[in-house]
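Data block below; observations after.
Here, each number is a calculation from the coordinates, and none is a lab measurement. Here the structure is a predicted model, which means the values were calculated and not measured. Don't worry about glycine lacking a Cβ; one is built from the backbone with ideal geometry, like all the others, and counts go over all protein chains shown.
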């Protein structure tokens with residue numbers, strides 16, 4: 001499965017085309033819209049979330065609620081487009097009808113992109129590099145979720161840190177934690193930490209500043225053996241890390257213990273293996289069990305059958321209402337950076353985007369492993385593989 005996105009932040013729409021989905025997969029706009037609404041959720045979001053109210057349109061590849069096996073086209077309209085008809089027009093006669101943005105913002109793609117493409121107006125860069133693009137990636141991720149859920153694979157997550165405040169995560173089943181996170185304005189499972197996070201967001205907003213944080217994505221129901229060890233670009237942990245790092249403002253990724261594994265001796269890191277045939281009666285894929293999951297569900301570039309645990313660190317949004325210093329591209333004189341509409345904190349949104357890109361990469365890995373042109377064929381192939389694993 002592969003996909004490509006197109007569109008600018010203030011253009012008419014964002015578009016994605018997905019190729020390689022099997023036929024017969026149930027997909028509805030409502031399933032996708034739920035994920036789009038989650039992306040717009042969160043304490044600390046800006047006014048644009050009140051403008052857009054994202055909804056998806058299915059333009060191809062789906063008939064009567066099921067995929068056809070042909071490319072699926074998704075569109076998310078930009079409702080603010082009416083106010084940008086001339087400023088973002090593709091027509092030559094509208095050239096010069098908007099003031100050029102010549103003061104690049106520190107922390108953005110503005111300056112590097114302007115130099116790379118030879119633009120003197122950094123709007124030509126910031127429109128595509130904007131995190132607005134993640135709306136349509138969330139839509140693609142929602143379709144990928146449909147495939148994973150049809151195979152019994154579930155994805156959830158939570159915000160574990162924001163502005164330096166760390167949440168305590170109780171030792172409860174993941175579905176329970178996901179429900180608690182869903183009920184939180186910050187997708188946080190620690191009520192006390194959430195109150196402090198909100199206080200920090202309020203303070204940052206009042207001072208024109210921004211905050212970052214850490215999100216954690218968990219996946220259950222994965223069979224062992226997705227991915228591969230035989231080539232560097234087939235290792236699933238590498239592919240997941242790339243997917244997460246492709247999200248705007250993400251600056252670090254961890255799997256399982258992550259950086260903590262480097263601080264411990266091997267005896268406190270590696271997950272010992274046992275065998276318990278009774279777990280097969282409870283629907284577990286394999287009789288091989290691990291007492292711990294420090295590896296985060298991945299070893300040697302492949303899934304182990306344990307829950308997948310991934311974390312991503314998001315830097316503070318670089319558009320500040322108290323602008324940082326910059327330089328004008330035309331005069332080279334020092335100025336305060338340009339200010340575009342922005343959020344104080346978008347860490348909860350980053351969680352939704354992280355879940356989406358993980359879902360996309362896992363859907364690709366599932367199709368790579370089990371193949372098939374229809375959902376029924378994939379399920380048959382999956383069931384045959386699991387039967388072999390259970391007898392291993």
Seminar exercise, completed: Here D for the range 312-392, in µm²/s, from Stokes-Einstein with a Kirkwood Rh over Cα pairs at 25 °C and 0.890 mPa s, works out to 141 µm²/s
Problem set entry | Cα Rg, Dmax, the range 72-118, angstrom units | 14.2, 39
Problem set entry | Per-residue [θ]222 nm for the chain (sum of -39500 (n - 2.57) over DSSP H runs n ≥ 4, rounded to 500) | -10000 deg cm²/dmol
Seminar exercise, completed: Here the FRET efficiency for residue 66 versus residue 182, based on Cβ atoms and R0 = 25 Å and rounded to 0.05, is 0.35
Exercise. What would the Debye formula give as log10 I(q)/I(0) at q = 0.12, 0.15, 0.18, 0.22 Å⁻¹ for the alpha-carbon point model of the range 298-353, no solvent?
Worked result: -0.53, -0.65, -0.76, -0.93
For this session: Please report, in whole Å, how far the alpha carbons of the range 222-290 spread along each principal axis, starting with the longest.
Result: 45, 28, 24
Seminar exercise, completed: To the nearest 10 degrees, the tilt of helix 236-245 (Cα long axis) against the first principal axis of the alpha carbons of the chain is 20 degrees
Problem set entry | Neighbour-count ranking [beta-carbon atoms within 10 angstrom, fewest first] of 158, 245 | 245, 158
Seminar exercise, completed: Whole-Å distance linking the alpha carbon centroid of the range 118-176 with that of the range 266-308 is 26 Å
Exercise. Which angle between 0 and 90 degrees, to the nearest 10, do you get for helix 191-206 versus the longest principal axis of the chain when only C-alpha atoms count?
Worked result: 20 degrees
For this session: For a footprinting-style exposure proxy, rank 370, 259, 187 by other Cβ within 10 Å, fewest first.
Result: 259, 370, 187
For this session: May I ask what percent, to the nearest 5, of DSSP beta bridges between residues of the chain are antiparallel?
Result: 95 percent
Exercise. Hey, how much of the P(r) for the chain falls beyond 37 Å, as a percent of Cα pairs?
Worked result: 26 percent
For this session: Specify, per residue and in Å³, the volume enclosed by the convex hull of the alpha carbon atoms belonging to the range 36-175.
Result: 196 Å³
For this session: List 229, 108 from most exposed to least, where exposure is judged by having the fewest other Cβ atoms within 10 Å.
Result: 229, 108
Exercise. For the range 151-289, what log10 I(q)/I(0) values come out of the Debye formula at q = 0.10 1/Å, with one point per alpha carbon and no solvent?
Worked result: -0.48
Exercise. Helix 134-150: angle to the longest alpha-carbon principal axis of the chain, degrees 0 to 90, nearest 10?
Worked result: 10 degrees
